[in-house]
Every structure is written in structure tokens, then in C-alpha cells.
Amino acid sequence: MTGKAIEVAALALTMLAAAQTFAADKYPEHWWTPVPEANKPDWEILPQSAKPGEVILSKRNELGILSNFAPTSFTLYGKRYASVEGFWQMMLYPESPEDPRAKFPGVTWPHTREEVGQMTAWDAKNAGDIGEKNMKKMGIDWVTFDGKRMKYWSMKKGEHYRIIVEAMRAKLDQNPKVKKVLLSTGNLILRPDHFQEENPPAEWHYFQIWMDLRTELQAKAQR
């Protein structure tokens with residue numbers, strides 16, 4: 001290696017160290033504080049799993065407010081929902097007694113659609129698991145919102161993706177703390193705190209949607 005190459009390499013290392021120091025000063029250290037692996041839930045990705053420039057949206061700290069599970073109520077098209085998770089899982093449930101899902105033989109619904117819309121966290125997720133099992137029994141691949149059917153699992157950004165983004169945007173706009181936490185992540189790459197199914201649709205990538213919304217906020221702030 002020539003003297004010039006050594007000089008360039010040393011400069012690059014200095015710049016990298018400076019960037020790492022800046023990052024450490026800019027963001028709360030506890031976002032990356034290691035958590036013991038013992039007794040952690042099988043679904044969880046711990047904060048220390050983040051690579052350089054990344055942060056896990058862990059429910060163990062304030063970043064958990066960005067989870068669909070978080071009790072961050074919002075109103076969309078005149079109706080209030082307790083969480084994005086409740087809103088999401090609600091769409092699996094019948095909208096009325098005339099809904100074919102409500103009349104399908106051998107299928108039972110332990111909750112009403114309205115009840116699921118007011119759920120958060122695991123209550124909503126568990127209700128959704130029942131909804132997905134019922135979908136399999138009925139042999140359908142659609143959910144509904146405002147009477148309109150939409151494909152539930154699609155590799156294209158369709159109507160389901162659009163309505164989920166709307167719900168997340170409403171959560172952001174109507175909850176100042178959500179906006180504050182999202183902006184506090186700066187330019188970090190956001191990663192989920194749970195393992196996902198293989199090749200899920202775009203709306204399952206809530207962390208990417210948050211980065212897109214963050215970019216919008218940052219652009220507005222610079223105008």
C-alpha cells in the first residue's frame with residue numbers, strides 16, 4: 001500500500017469514528033442496551049440485534065409507541081380505533097349480519113367487528129388469529145373496509161396497503177408523542193422487534209412505512 005493509500009485509509013477510519021461518536025451522542029444509548037436472551041419470547045428481536053446505523057423498534061422502550069400494538073387511538077373516516085392493530089384485525093371480521101362471513105356455516109366469531117377495533121396489543125392480535133383461521137375455513141383471501149372487499153395478502157401495493165398507511169398516518173397526525181418519537185430516530189434505519197413471515201406484503205413492513213412517513217415530515221420541516 002502506498003503512502004497516499006495509507007493516508008486515505010486513515011482518513012476514512014477517522015471519519016467513521018467521528019460518525020459513530022456523533023451517532024452515539026445524537027441518540028439515546030438505551031435504544032441499544034443489551035437485553036438478556038434468557039426467557040425472551042420466541043417472537044422477539046432484541047435491541048442489540050441492530051446493525052450499525054439501525055435501531056430496533058423495541059417495545060421495551062419508547063420506540064414501542066411505533067408498534068401497531070401501541071394504545072395510540074386515532075379517528076379515521078369518522079370512527080375511532082384504539083390501535084392500528086385493532087384496526088387491522090377488525091377488517092377480518094363481518095361488517096354486518098348480511099356479510100357472507102357472518103352467515104358461513106360452522107364458523108363462529110367470538111367478538112364483534114366493533115369490539116376488535118377497540119382492542120390493542122395481544123388482544124387484537126389474538127382476535128386476528130381467529131379471523132385468519134376463519135378465513136381459511138371459508139376459503140377466502142379478502143377482508144373488508146366500508147363494505148369494500150380487498151385482497152388480504154398481495155405482493156402488489158393494493159387497497160389493503162393504502163388503507164393501512166392511512167391508519168398509520170392518522171395515528172401519526174393525531175398523537176404528538178408518536179410524531180416526536182418518530183422524528184427522534186433521525187436517519188436511522190428502523191427494524192422490527194419481531195420475526196416476520198417470509199416475503200410478506202408491503203403493509204406488513206410497518207418499519208418501512210414509518211421511514212417513508214418520517215421522510216415526509218423531514219421534508220416539510222425543511223420548507
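Observations, loosely collected:
- Around Arg113: net Lys/Arg minus Asp/Glu count, Cβ-Cβ under 12 Å: -3
- Here each label is just a point 7 Å from Cα along the line to Cβ, and for Lys157 and Arg223 those points are 2.0 nm apart.
- Gain in span if fully extended, Asn126 to Lys26, counting 0.36 nm per residue against the direct Cα distance: 32.3 nm
- Computed over the range 99-223, the ratio Rg/Rh where both radii use C-alpha atoms and Rh is Kirkwood: 1.01
- The distance linking the range 153-170 with the range 68-109 is 15 Å (Cα centroid to Cα centroid, whole angstrom).
- When GluC sites (Glu not before Pro) are flagged only if DSSP places them in a loop and at most 14 other Cβ atoms lie within 10 Å, the longest unflagged stretch of the chain comes out as 99-196.
- Helical contribution to [θ] at 222 nm, DSSP H n ≥ 4, -39,500 (n - 2.57), averaged over the chain, rounded to 500: -14000 deg cm²/dmol
- Plainly put, the chain has a radius of gyration that is 1.07 times its Kirkwood radius, both from alpha-carbon atoms, as the Rg/Rh ratio.
- Theoretical gain in end-to-end length, Lys177 to Glu197 [0.36 nm per residue, Cα-Cα removed]: 4.3 nm
- Counted by Cβ distance under 11 Å from Arg149, the other residues give a net charge of -2, where Lys and Arg count +1 and Asp and Glu count -1.
- Lysines with Cα under 29 Å of Lys177, excluding same-chain neighbours fewer than 8 positions away: Lys26, Lys40, Lys51, Lys59, Lys79, Lys125, Lys157, Lys220
- Multiplying the residue separation of Asp212 and Thr75 by 0.36 nm and removing their Cα-Cα distance gives an extension gain of 47.2 nm.
- Helix 159-174 vs. the chain, principal-axis angle (Cα, 0 to 90°, nearest 10): 70 degrees
- With Cα atoms, 0 to 90° folded angle of helix 3-26 axis to the chain main axis: 50 degrees
Coordinate-derived values only; no laboratory data. Everything numeric in this text was worked out from a predicted model, so none of it was measured. Every residue, glycine among them, receives a Cβ derived from its backbone with ideal geometry; neighbour counts consider all protein chains shown.
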